[in-house]
1. May I ask you to list the residues in region 402-413 that are touching a residue at least 24 places away in the same chain (Cβ under 8 Å) and surrounded by 16 or more Cβ atoms within 10 Å (Cβ to Cβ)?
2. Can you pull out the strands (runs of 3 or more DSSP E) entirely within region 414-528 that have at least 2 residues that are in contact (Cβ under 8 Å) with a residue 24 or more places away in the chain and of a type in the set (Ser, Thr, Tyr)?
3. So in region 205-215, with the set limited to residues that are in a loop (DSSP other than H, G, I, E, B) and either in contact with a strand residue (DSSP E or B) (Cβ under 8 Å, 6 or more places away or on another chain) or modelled with pLDDT under 95 (or both), which one is surrounded by the most Cβ atoms within 10 Å (Cβ to Cβ)?
4. Just give me the residues in region 229-258 being in contact (Cβ under 8 Å) with a residue 24 or more places away in the chain and among the hydroxyl-bearing types (Ser, Thr, Tyr), in sequence order.
5. Please name all residue pairs, on different chains or six or more residues apart, with Cβ atoms under 6 Å, provided the first residue is in region 54-67 and is farther than 12 Å from Asp102 by Cβ and assigned by TED's automatic domain parsing to the domain that holds Met203 and the second residue is part of a loop (DSSP other than H, G, I, E, B) and not polar (S, T, N, Q).
6. Can you name every residue in region 155-177 that is in a loop (DSSP other than H, G, I, E, B), touching a residue at least 40 places away in the same chain (Cβ under 8 Å) and either farther than 27 Å from Pro239 by Cβ or touching an Asp or Glu at 6+ places or on another chain (Cβ under 7 Å) (or both)?
7. Given the options Leu82, Leu41, name the one that is touching a Leu at 6+ places or on another chain (Cβ under 7 Å) and either in contact (Cβ under 8 Å) with a residue 60 or more places away in the chain or not hydroxyl-bearing (Ser, Thr, Tyr) (or both).
8. Where residues in region 377-387 are buried (at least 16 other Cβ atoms within 10 Å of the Cβ) and among the aliphatic types (A, V, I, L, M), which of them is farthest from Arg432 (Cα to Cα)?
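The values are calculated or read from the model by the stated rules, or taken from the named source; none is laboratory data. Only a predicted model underlies this, so the values are computations on that prediction, with no experimental measurement involved. Note that we place each Cβ from the backbone using ideal geometry, even for glycine, and neighbour counts take in every protein chain shown.
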Amino acid sequence: MIDRHRHGWWREAVFYQIYPRSFMDSNGDGVGDLRGIESRLDYLAWLGVDALWISPFFKSPMRDFGYDISDYEDVDPIFGSLDDFRSLLDAAHRLDIRIVVDLVVNHSSDEHPWFKAARSSRDDPKHDWYIWKPVEGRRPPNNWISLFEQRSAWYPNEATGEWYLATFTRNQPEFNWRNPELREAIYRVARFWLDLGADGFRMDVATAYFKDAEFRSNPPSPVLVPDLLQRHLYDRNRPEVHGVFREFRALADSYGDRMLIGETHGQDPALAASCHGERNDELHMAFNFDFLFRPWGAESFRRSAERWYEVLPDGAWPNFTLSNHDQKRHYYRYRSGADSDARARVAAAMLLCLRGTPFLYYGEEFGMSCERVPRKALRDPLGLSTWPLPLGRDAERTPMQWDASPNAGFSDAEPWLPVNRDYKDKNVEAQRADPGSLLTWYRRLIRLRSLEPALRIGELRWLDAPAGVMAFRRSFGNREIDVWLNFVARAKTVTTLGGSVLDDPGETIAAGDRELGPYEVLITAREA
């Protein structure tokens with residue numbers, strides 16, 4: 001059983017993100033569900049992960065596939081029931097796996113009873129729970145953009161003669177976090193899931209909760225891609241959000257050992273760092289997304305990690321991720337023909353050995369990639385609105401590849417998204433039986449991390465290394481672990497202090513120069 005009094009478990013954990021529609025279908029409707037996740041817990045325990053972040057499974061019209069919520073205290077029938085969640089939670093806890101719920105409270109669905117009441121009349125008690133501006137002519141109140149519809153973020157509401165704000169789709173009206181009654185309603189939702197036993201929350205677009213009080217237009221941006229046509233100074237990342245983070249933190253801490261990790265609405269590590277609070281009294285962690293946008297290379301990733309460590313407040317804890325449900329998978333981004341698996345091994349060692357909590361994305365552990373989804377099969381609102389540009393998110397949300405049977409063992413029915421064509425050769429079953437597979441490599445690294453406090457919570461010092469090689473030392477007590485990662489397809493000579501080779505039990509190397517082969521990973525340990 002989980003020790004509920006263990007402090008800071010999230011610092012040492014390996015997290016695994018599950019997009020529930022695509023993980024495992026238990027009832028043959030082509031959509032993954034909570035019972036499907038429970039049926040695969042033994043695999044996740046075998047892999048060695050400590051916590052699951054499950055993307056939204058609340059009741060929803062599915063305009064944005066669960067990120068538009070119509071009931072915060074119930075499970076959508078597509079995914080099962082509250083009893084199914086309780087069963088999953090109990091089963092996971094028996095295996096010492098924690099469950100983190102995706103809390104989407106920047107906006108609701110337009111079908112939520114709160115918004116139905118709010119839009120009915122300016123005098124309704126819940127009207128001020130959302131953001132409104134009076135209609136004065138045909139022009140919207142400012143130039144803010146609806147990200148997924150690529151048009152104005154303001155939509156008319158005839159019943160009240162006002163515009164409501166929705167910066168994702170028209171079906172996702174934004175909450176007014178300046179209203180204290182709305183805030184308390186959201187905190188009641190959080191208590192509901194914490195009382196059920198959830199171990200914390202991933203907080204969707206957390207830095208977007210507040211908008212500029214004067215509703216000023218954003219200045220233009222020279223970057224001509226969706227979402228970056230403007231410099232988003234006034235519709236997100238406002239300073240008032242830190243007060244809410246402190247309130248959320250106090251709520252989570254009142255439950256003892258729960259955690260909060262926030263999604264920052266931007267790529268700046270300094271923004272993510274600020275969400276911890278100067279006294280570490282805000283979020284336990286905030287996502288640093290810089291790795292998702294870095295070009296392949298030792299120097300590139302090292303600069304990114306150095307920057308992240310530099311901007312974090314004293315005592316704050318870092319995290320790293322290479323893939324998620326909104327960005328192309330890292331296996332796809334860094335693919336290089338026959339070297340793709342070798343690169344994925346280097347990336348895995350970096351992610352799991354750097355100082356900070358790693359977040360894996362389902363299928364990453366055996367090299368799931370991205371394939372073009374045909375126009376007729378697109379489901380993502382962003383993909384539909386920007387087609388034929390490859391900006392949609394369906395490719396990174398395709399069904400989990402469990403085995404070589406029809407539909408990759410994900411479902412007995414046609415899946416909601418097409419299965420990747422490589423599933424017969426690339427799947428859990430095939431790689432689990434192969435001691436040299438990428439999946440086995442991930443499992444070995446996760447186990448190594450679990451056995452070595454230096455890799456979980458130890459200090460980090462960068463080591464001198466030739467171009468193309470990342471090298472660092474993790475230390476805890478008298479234990480020192482050196483990690484050498486060759487990011488290039490040619491041999492490099494490095495100078496080591498020697499020690500036992502952790503990923504090859506029984507092997508030791510002497511101090512001195514050693515040739516590091518193409519894309520080789522070398523992890524050595526010794527007592528200082």
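1. Trp402, Asp403, Phe410, Ser411
2. Where strands (runs of 3 or more DSSP E) fall fully within region 414-528 and carry at least 2 residues being in contact (Cβ under 8 Å) with a residue 24 or more places away in the chain and of a type in the set (Ser, Thr, Tyr), they are 492-496.
3. Filtering region 205-215 for residues that are in a loop (DSSP other than H, G, I, E, B) and either in contact with a strand residue (DSSP E or B) (Cβ under 8 Å, 6 or more places away or on another chain) or modelled with pLDDT under 95 (or both), the one surrounded by the most Cβ atoms within 10 Å (Cβ to Cβ) comes out as Tyr209.
4. Once the filter is applied, which keeps residues that are in contact (Cβ under 8 Å) with a residue 24 or more places away in the chain and among the hydroxyl-bearing types (Ser, Thr, Tyr), region 229-258 yields Tyr234, Tyr255.
5. Going by the 6 Å Cβ cut-off, the qualifying pairs are Lys59/Asp76; Pro61/Glu111.
6. Answer for region 155-177, where residues must be in a loop (DSSP other than H, G, I, E, B), touching a residue at least 40 places away in the same chain (Cβ under 8 Å) and either farther than 27 Å from Pro239 by Cβ or touching an Asp or Glu at 6+ places or on another chain (Cβ under 7 Å) (or both): Ala159, Thr160, Ala166, Thr167, Phe168, Thr169, Arg170, Asn171, Gln172, Pro173, Asn176.
7. Numbers: Leu82 fails: touching a Leu at 6+ places or on another chain (Cβ under 7 Å).
Unique residue meeting the criteria: Leu41.
8. Leu382
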